[in-house]
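Report on the structure given below.
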Amino acid sequence: MRVLFKNIGQLVQIRSEKERYVSGAAMHELPCIEDAFLLVEEGRILDFGPMEDYVPCEADQCIDASGRVLLPAWCDSHTHIVYAGDRVDEFVDKIHGLSYEEIAARGGGILHSAKRLARIPEDQLYEESRKRVEEVIALGTGALEIKSGYGLTLDAELKMLRVIGRLRERYSIPVVATFLAAHAIPEAFANNRKGYVDQVINTWIPAVVEQGIAQYIDVFCEEGYFTAGDTARILEAGVKAGLKPKIHVNQFHAIGGVQVGVQHGALSVDHLEVMRPEDVTALKGSDTMPVALPGCSFFLGIPYTPAKDLIAEGLPLALASDYNPGSTPSGNMNFVVAAACVKMKMTPEAAINAATLNGAYAMGLHAEVGSITRGKWAHLLLTKPITSYRDIPYHFSTPLIEEVFVRGEGVGPKL
Ligand code: NIG
Ligand code: FE
């Protein structure tokens, strides 16, 4: 099956196979071709270039993309999209002045979601989660990381990971699974954090690895959750067992999680709303991708990751949604890109780099998705007629997507 896009107003994010991610000043460059063609064969990008170089060839489908922007679909490297129920009551509590931490201290927050998750049958969890996956694909997401972490018992964590596996089977976008048992301390271990960490290390990690149902290991390294010492122990065990770290750090407090992540070869360190100079230093020269989650900052009213400073220091940055019922009940990457521009003062070029190629890197998928590169999957986002990619964050809530393509096949005009 061959699909040809022709007369593309602007073909965005052209990269060679060698480019794993972009950092520093290069974040502000977004290579494009104006008036371009793109040819897809069997779901992968076969060729592209300026229209004047197009040599007519047979295609099963031809799409005229005049006046439109075609870009790689968003790569969302941090989500908790598999969950049960919602936390809309806490949303209202927050409006009345309670903080995320105060809600958690009252037994709300992650522990509340864990109670709901324990009760829900696996098939229903799959059905609820499937709807959210379809929602984000329609919003232009073409690769997804999903975490466990609302289980907090081995059985419930495995239930979540199996559901993630079923979602991977069901959809043609890449879906990677992260084991986040250390997301909160369950009630049964309220006075025995070490006991919980020991159990995760000694029993749960081996069980998850034996079943081959997770690729990454995560820890919520934060005051009131897991210390830098706990994080180091869990990552060490995870790495030994073959899981690569991707961790939650510096959301409310900087307690050394960035350093622990870098030391254990973390693929990404995520959140980073609170950054000290030594945290920036730790990231320099590493292959660890910093990941900002502006939807979370927006929803909780907490500081935004200092993106401009990190980029000025020569670091790369990825953007992800953090889609979850508590801190970010939205997986809309169009909004994430807009919020990054508006609130974090990222240039549109930096924000789009962060939400495509760098996002792909942050989940180990940069060889498959995240840029217009020969051989990569043709997971693409086609806009309605607009002048340039800068219109996407500028019209921050206008539905600008005309069609989303997965493996070169339209999944239908949405929004
Ligand atoms: O990334 N911070 C920890 N985990 C999630 C929130 C989870 C929840 O509140 O349910 C986050 O924001
Ligand atoms: Fe998260």
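The values are calculated or read from the model by the stated rules, or taken from the named source; none is laboratory data. None of the values given here were measured: they were computed from a predicted structure. With ideal geometry, Cβ positions are generated from the backbone for all residues, glycine too; neighbour counts draw on all protein chains shown. Accessible surface is based on the protein model in full, side chains and every heavy atom, while ligands, DNA and RNA are left aside. Shrake-Rupley method; radii C 1.70, N 1.55, O 1.52, S 1.80 Å.
Of all the residues that make up the range 117-129, how many are free of Cβ contacts under 8 Å to residues at least 12 places away in the same chain and open to solvent by less than 70 Å² (accessible area, probe 1.4 Å)?
Counting residues in the range 117-129 that are free of Cβ contacts under 8 Å to residues at least 12 places away in the same chain and open to solvent by less than 70 Å² (accessible area, probe 1.4 Å) gives 0.
Give the residue that is surrounded by the fewest Cβ atoms within 10 Å (Cβ to Cβ), with candidates limited to residues of the range 86-116 that are part of a loop (DSSP other than H, G, I, E, B) and within 11 Å of ligand 1 (Cβ to nearest atom).
Among them, the one singled out is Asp86.
List the strands (runs of 3 or more DSSP E) inside the range 1-81, counting only whole elements, that have at least 2 residues being touching a helix residue (DSSP H, G or I) at 6+ places or on another chain (Cβ under 9 Å) and closer than 30 Å to Cys296 by Cα.
The qualifying strands (runs of 3 or more DSSP E) are 69-72, 74-76.
Quickly run through the range 331-343 and pick out the residues that are open to solvent by 10 Å² or more (accessible area, probe 1.4 Å) and touching a strand residue (DSSP E or B) at 6+ places or on another chain (Cβ under 8 Å).
Answer for the range 331-343, where residues must be open to solvent by 10 Å² or more (accessible area, probe 1.4 Å) and touching a strand residue (DSSP E or B) at 6+ places or on another chain (Cβ under 8 Å): just Asn334.
Just give me the residues in the range 268-299 being at negative phi and open to solvent by 30 Å² or more (accessible area, probe 1.4 Å), in sequence order.
Val274, Met275, Arg276, Pro277, Glu278, Thr281, Lys284, Asp287, Phe298, Phe299
Could you tell me whether any residue of the range 265-283 is over 26 Å from Asn192 (Cβ atoms), free of Cβ contacts under 8 Å to residues at least 24 places away in the same chain and among the β-branched types (Val, Ile, Thr)?
yes
I need the full set of residues from the range 72-85 which are more than 14 Å from ligand 2 (Cβ to nearest atom) and open to solvent by 10 Å² or more (accessible area, probe 1.4 Å), in order please.
Gly85, the sole residue that qualifies.
I'd like to verify a number: residues in the range 362-415 that are more than 18 Å from Gln10 (Cβ to Cβ), open to solvent by 70 Å² or more (accessible area, probe 1.4 Å) and under 22 Å from the mean Cα position of the chain (by Cα), how many?
Here the count works out to 6.
Which number in (1) away from ligand 2 (no atom under 16 Å from the Cβ); (2) more than 20 Å from Ile185 (Cβ to Cβ) marks the one condition that Lys115 misses?
That leaves (2) as the condition not met.
Tell me, which helices (runs of 4 or more DSSP H) wholly within the range 244-354 include 2 or more residues that are farther than 19 Å from Tyr389 by Cβ, touching a helix residue (DSSP H, G or I) at 6+ places or on another chain (Cβ under 9 Å) and at pLDDT below 95?
Hits in the range 244-354: none.
Being open to solvent by less than 10 Å² (accessible area, probe 1.4 Å) and more than 12 Å from ligand 1 (Cβ to nearest atom) is the filter here, so list the residues in the range 211-228 that pass it.
Result: Ile217, single match.
Before we move on, is Leu357 open to solvent by less than 10 Å² (accessible area, probe 1.4 Å), among the hydrophobic types (A, V, I, L, M, F, W, C) and either farther than 24 Å from Lys18 by Cα or in contact (Cβ under 8 Å) with a residue 24 or more places away in the chain (or both)?
The answer is yes for Leu357.
Every residue in the range 158-189 that is open to solvent by 20 Å² or more (accessible area, probe 1.4 Å) and among the aromatic types (Phe, Trp, Tyr), please.
Those that are open to solvent by 20 Å² or more (accessible area, probe 1.4 Å) and among the aromatic types (Phe, Trp, Tyr): Tyr171, Phe189.
Test each condition in (1) within 16 Å of Ala338 (Cα to Cα); (2) more than 16 Å from ligand 2 (Cβ to nearest atom); (3) open to solvent by 10 Å² or more (accessible area, probe 1.4 Å); (4) of a type outside the set (Asp, Glu) for Leu317 and report the one that comes out false.
(3)
Out of Ala307, Ala241, I need the residue that is surrounded by fewer than 22 Cβ atoms within 10 Å (Cβ to Cβ) and either of a type in the set (Lys, Arg) or away from ligand 2 (no atom under 14 Å from the Cβ) (or both). Which one?
That would be Ala241, the only listed residue that is surrounded by fewer than 22 Cβ atoms within 10 Å (Cβ to Cβ) and either of a type in the set (Lys, Arg) or away from ligand 2 (no atom under 14 Å from the Cβ) (or both).
In the range 300-331, what residues are away from ligand 1 (no atom under 16 Å from the Cβ) and either on the phi < 0 side of the Ramachandran plot or not assigned by TED's automatic domain parsing to the domain that holds Ser99 (or both)?
Residues satisfying the conditions are Pro306, Ala307, Lys308, Asp309, Leu310, Ile311, Ala312, Glu313, Leu315, Pro316, Leu317.
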